[in-house]
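Here is the structure we will look at.
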Amino acid sequence: MVGLSVGEKHFIQGGIAQDLRSDGRKRLTYRPIYVETGVIPQAHGSARVRLGATDVIASVKAELGKPSALQSDKGKIAIYVDCSPTAAPVFEGRGGEELSTELSIALQRCLLGGKSGAGAGIDPSSLVVVEGKVCWDLYIDGLVISSDGNLLDALAAAIKAALSNTGIPKVDLAAETTGDEQPEVNISDEEFLQFDTSGIPVIVTLTRVGRHYIVDATSEEESQMSSAVSISVNRKGHICGLTKRGGAGLDPSIILDMISVAKHVSEQLTIKLDSEIAAAEASEEES
């Protein structure tokens with residue numbers, strides 16, 4: 001928890017009420033976002049995202065596996081988050097473990113949809129090589145290096161950038177198989193398939209402080225929140241997932257208003273993130 005004096009708390013709350021936050025932003029304005037791709041050479045794709053003093057890395061590793069019996073036409077995707085103990089004092093010991101689990105579950109809800117895959121921002125059917133027999137398993141790992149609030153939005157942006165940076169080796173069948181035989185495959189060392197990230201949403205977290213809500217809250221602002229709702233929105237304006245934290249309840253009408261605001265904010269965030277990812281990949285190719 002961030003330790004603030006009574007005066008500091010009133011200053012933060014008063015600024016939000018007047019639409020002038022302590023760092024000069026309006027309630028619905030993000031901090032500058034910076035993206036760097038290809039930061040982990042051993043991964044199939046990786047990216048680093050900085051949002052103010054919040055700094056996170058996401059990496060993607062792809063392995064050939066077998067689809068589950070219940071979803072034979074889909075690959076498997078797993079998202080794990082780790083919070084470095086040096087990122088914030090609260091991450092030391094079990095505090096970091098609990099937050100890592102909370103962030104992992106929230107990202108899965110917002111990016112992978114329900115258990116059936118409905119509403120998924122990442123399409124698992126695109127990972128199938130041979131239906132029922134061979135698929136790609138994606139392991140997406142997030143690491144929090146430095147924390148100054150709004151970790152979920154930053155991690156989602158890093159995952160989107162890492163998947164955009166991901167090249168999956170082309171796979172060809174070595175020979176036809178019959179029955180339950182596991183097919184032999186040839187994995188190319190030269191040809192790679194780029195991951196389609198056009199449907200991957202951004203996450204917009206609206207944090208309620210007093211009677212107002214803000215986007216991209218800092219750690220100090222989060223310490224004053226009553227609740228927060230994170231909404232994943234794709235570039236078509238469709239809601240892919242939603243998760244809430246904080247003990248205070250919210251009236252359904254307020255949640256509907258938050259969804260409307262998140263849709264509006266997501267448009268500018270998507271444009272900015274696409275621009276930063278394109279610039280980062282161009283810079284990586286030059287180097």
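The values are calculated or read from the model by the stated rules, or taken from the named source; none is laboratory data. None of the values given here were measured: they were computed from a predicted structure. All Cβ positions, glycine included, derive from the backbone under ideal geometry; neighbour counts span all protein chains shown. For the accessible areas, the whole protein counts, side chains as well, though only heavy atoms, and no ligand, DNA or RNA atoms are used. Shrake-Rupley method; radii C 1.70, N 1.55, O 1.52, S 1.80 Å.
Odds and ends about this structure:
- Candidate set from the range 9-66 (those that are in contact with a Ser or Thr (Cβ under 9 Å, 6 or more places away or on another chain) and among the hydroxyl-bearing types (S, T, Y)); member that is farthest from A157 (Cα to Cα): S22
Rundown of residues vs (1) at pLDDT 90 or above; (2) open to solvent by 10 Å² or more (accessible area, probe 1.4 Å); (3) part of a strand (DSSP E or B), yes/no style:
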{"site": "L111", "(1), (2), (3)": "no, no, no"}
{"site": "K115", "(1), (2), (3)": "no, yes, no"}
{"site": "A120", "(1), (2), (3)": "no, yes, no"}
{"site": "C135", "(1), (2), (3)": "no, no, yes"}
{"site": "G149", "(1), (2), (3)": "yes, no, no"}
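- Conditions (1) exposed (fewer than 14 other Cβ atoms within 10 Å of the Cβ); (2) under 20 Å from A228 (Cα atoms); number of the one not met by Q13: (1)
- Cβ pairs under 8 Å, 6+ apart, first in the range 241-267 and within 17 Å of V209 (Cα to Cα), second surrounded by 15 or more Cβ atoms within 10 Å (Cβ to Cβ) and at pLDDT below 85: K244/L250; M258/L250
- Which numbered condition Y34 misses (of (1) open to solvent by 20 Å² or more (accessible area, probe 1.4 Å); (2) closer than 25 Å to K263 by Cβ; (3) part of a loop (DSSP other than H, G, I, E, B)): (3)
- Residue check, Q194 farther than 30 Å from D19 by Cα and modelled with pLDDT under 95: yes
- Sole residue being over 23 Å from V49 (Cβ atoms), of a type in the set (V, I, T) and buried (at least 17 other Cβ atoms within 10 Å of the Cβ), chosen from V202, V209, V229, V215: V209
- Tally, over the range 53-81, of residues that are among the acidic types (D, E), crowded, with 17+ Cβ neighbours inside 10 Å and under 30 Å from K170 (Cα atoms): 0
- Condition check for R245: of a type in the set (K, R) and either on the phi > 0 side of the Ramachandran plot or modelled with pLDDT under 90 (or both): yes
- Only listed residue being surrounded by 17 or more Cβ atoms within 10 Å (Cβ to Cβ) and within 19 Å of I33 (Cα to Cα), chosen from L242, L269: L269
- Flag for G24 being on the phi > 0 side of the Ramachandran plot and either surrounded by 15 or more Cβ atoms within 10 Å (Cβ to Cβ) or part of a loop (DSSP other than H, G, I, E, B) (or both): yes
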